[in-house]
Amino acid sequence: MLASLLAHAPEQFTDGAPRLATLSRARRLDEADLGTDSLGCLQLAERVADVFDLRRLGREDLLLARRDLGSWVDFAAESWAQGPERFIFTSSGSQGDPKRVVHSAAQLWAEARVLADHLPGRRRIVSLVPAHHIYGFIFTVLLPRALSVPVLDLSAEGAGALRRHLAPRDLVVAVPAVWRYLHRALADVPKGVAGTSSAAPLDAETACGLVNETGFARIVEVYGSSETAGIGLRDDPNHPFELLATWATAEAWDGQPENDAPGTLVRSSDGARVQPPDRLVWEGPRHLCPTGRLDGAVTVAGVTVHPDAIARKLARCPGVQDARVRPSGNRLKALLVPERGTDALALRRDVRRWAETTLQPAERPITYTVSDTVPRDALGKETDWPLDTH
């Protein structure tokens, strides 16, 4: 988790910050050791205190008093050994500062037990996702306990290591970008191997190819978000998602949907009414199809990003008068309207360099087009623009 925070916040940490994934327990977590300042260390400590609920035990102050990795691990283990009451995750922060998302332990354990019923007969879970994001946490921390199976964590080695490790009846946990790679890279898999996918839509070609060509027994796609956790499951990309037993529609819950926004769900564990992040089309009382984000967000490599928010950041760069960002295939593309007298080639180069040091990888446009104006149609509505290959 610390390694991921360091890697994805380049504006807060100096160049050459150490990799933490292979550090020993004795490694110091001081400013000089991490390549950050006191505020950066404080932010890391606050994140650890959140994830492991250290405030409940009054241990959060000790993180800054005892600056070695082993002590932080011990504090985390002490908290979870006493049974955490809640789990706290962080949103991507594409619309501003990352938001804390709090889930009760009872709620997520209930989801893990429901998932265990959907995924019987597993021998082991093989993880290609980080465990500190909610999808990875549920499927590689909670679900293994619900199934009483071990976990093989390959998230640091990457998808290329999977071929050497797969065994019959494994469950592979990955995101769509990784599944697309595995569809091309794996010729076949051992008998009974299944997979799960989440964090972004999984295209039908990949999902069907993994089963029909690569030999996976099933690929279970999970629909949800950091704010809601899992909402629905499906095995067939051409079918709607089935609502998890941890949720009910407002109409089924109390028969009064007119008091709620369209698509409102009710969480079974506490009766909380929750608005999904997407527009939902219902096919019967418990089957749904997401048709697009309510907030305009898209997913890139399993990460939720907000093109409009990224465009506003680009528009604040020197020499940029206006900017637009849109999806382009599996990535983003940007349109830059330069200020008068600005050199287009220099602007494209400077903005790209700025994005590489400031934006998270999934937020960085893959192409930049410079145009005198934002293209519009005859009615004055903004239109798409062609990719600039320069």
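The values are calculated or read from the model by the stated rules, or taken from the named source; none is laboratory data. Here the structure is a predicted model, which means the values were calculated and not measured. A quick note on method: Cβ atoms are made from the backbone with ideal geometry, for glycine too, and the neighbour counts reach across all protein chains shown. Quick note on the areas: whole protein, heavy atoms, side chains included, nothing else; ligands and nucleic acids left out. Shrake-Rupley method; radii C 1.70, N 1.55, O 1.52, S 1.80 Å.
Among beta bridges from DSSP that stay inside the chain, the antiparallel ones total about 65%. Each Cα pair under 8 Å and six or more residues apart adds its sequence gap; the mean of these over the residue count of the chain is a relative contact order of 10 percent. So, in Å, what gap is there between the alpha-carbon centers of the stretch 143-201 and the stretch 23-71? If you average the Cα positions of each part, the centres end up 32 Å apart.
Probe radius 1.4 Å, ligands and nucleic acids ignored: give me the carbon and sulfur share of the accessible area of the chain as a rounded percent. Don't jump to the answer; show the numbers that get you there.
On the way: 9680 of 19050 Å².
Its accessible area is 51 percent carbon and sulfur atoms.
Mean residue ellipticity at 222 nm, helices only, the chain: -8000 deg cm²/dmol; runs of at least 4 DSSP H residues each add -39,500 (n - 2.57), and the sum is divided by the number of residues. What the phi angles of the stretch 199-204 give under the Karplus curve with 6.51, -1.76 and 1.60, with θ = phi - 60°, is a coupling list of 6, 6, x, 9, 5, 5 Hz, glycine and proline written as x.
Using a probe of 1.4 angstrom and keeping all protein chains present, the accessible surface of the stretch 142-218 works out to 45 square angstrom per residue. Charges were assigned to the Cβ only: +1 to each Lys and Arg, -1 to each Asp and Glu. The resulting dipole of the stretch 251-380 about its Cα centre is roughly 720 debye. Within the shell of other residues whose beta carbon sits under 13 angstrom from the beta carbon of Arg218, the net charge comes to 0, with Lys and Arg scored +1 and Asp and Glu -1. With semi-axes √(5λ) of the Cα gyration tensor in Å defined as stated, name the option among (1) 42, 26, 20; (2) 31, 28, 20; (3) 34, 30, 23 computed from the structure displayed. For semi-axes √(5λ) of the Cα gyration tensor in Å, the calculated option is (3). Taking all protein chains as shown and a probe of 1.4 angstrom, Tyr181 keeps an accessible surface of around 90 Å².
With θ taken as phi - 60° and the Karplus curve 6.51 cos²θ - 1.76 cosθ + 1.60 applied, the whole-hertz 3J(HN,Hα) list for the stretch 214-221 is 8, x, 5, 5, 6, 10, 9, 8 Hz, x standing for glycine and proline.
A straight line joining the Cα centroids of the stretch 267-323 and the stretch 220-244 runs 16 Å. Which listed residue (Gly329, Pro318, Leu294) has the Cα farthest towards the positive end of the charge dipole for the stretch 279-352, taking +1 on Lys and Arg C-beta and -1 on Asp and Glu C-beta about the Cα centre? So the residue furthest toward the plus end is Gly329.
With contacts taken as Cα pairs under 8 Å and at least 6 residues apart, the stretch 117-197 reaches a relative contact order of 35 percent.
Return one whole number: the accessible area per residue of the stretch 259-329 in Å², for a 1.4 Å probe. Present the calculation step by step, with values, prior to reporting the outcome.
Numbers: 3500 Å² over 71 residues.
Ligands and nucleic acids excluded, the result is 49 Å² per residue.
Within straight-line reach of Lys313, meaning a Cα separation under 12 Å, sit the following aspartates and glutamates at least 8 residues removed in sequence or on another chain: Asp322, Glu363. Size descriptors for the stretch 63-159, from the alpha-carbon set: Rg then Dmax equal 15.2, 46 Å.
Where does the charge balance sit around Ile125 when Lys and Arg score +1, Asp and Glu -1, over other residues with C-beta under 12 Å from its C-beta?
Details: positive: Arg122, Arg123, Arg124, Arg145, Arg169; negative: Asp153, Asp170.
Every neighbour counted, the sum reads +3.
For the stretch 172-184, putting each phi into the Karplus relation 6.51 cos²θ - 1.76 cosθ + 1.60 with θ = phi - 60° gives couplings of 9, 10, 8, 10, x, 4, 6, 4, 5, 5, 5, 4, 7 Hz, in residue order, rounded to whole numbers and with x for Gly and Pro. If Lys and Arg each add +1 and Asp and Glu each add -1, what is the summed charge of the other residues whose beta carbon sits under 13 Å from the beta carbon of Ala301? With Lys, Arg at +1 and Asp, Glu at -1, the net is +2.
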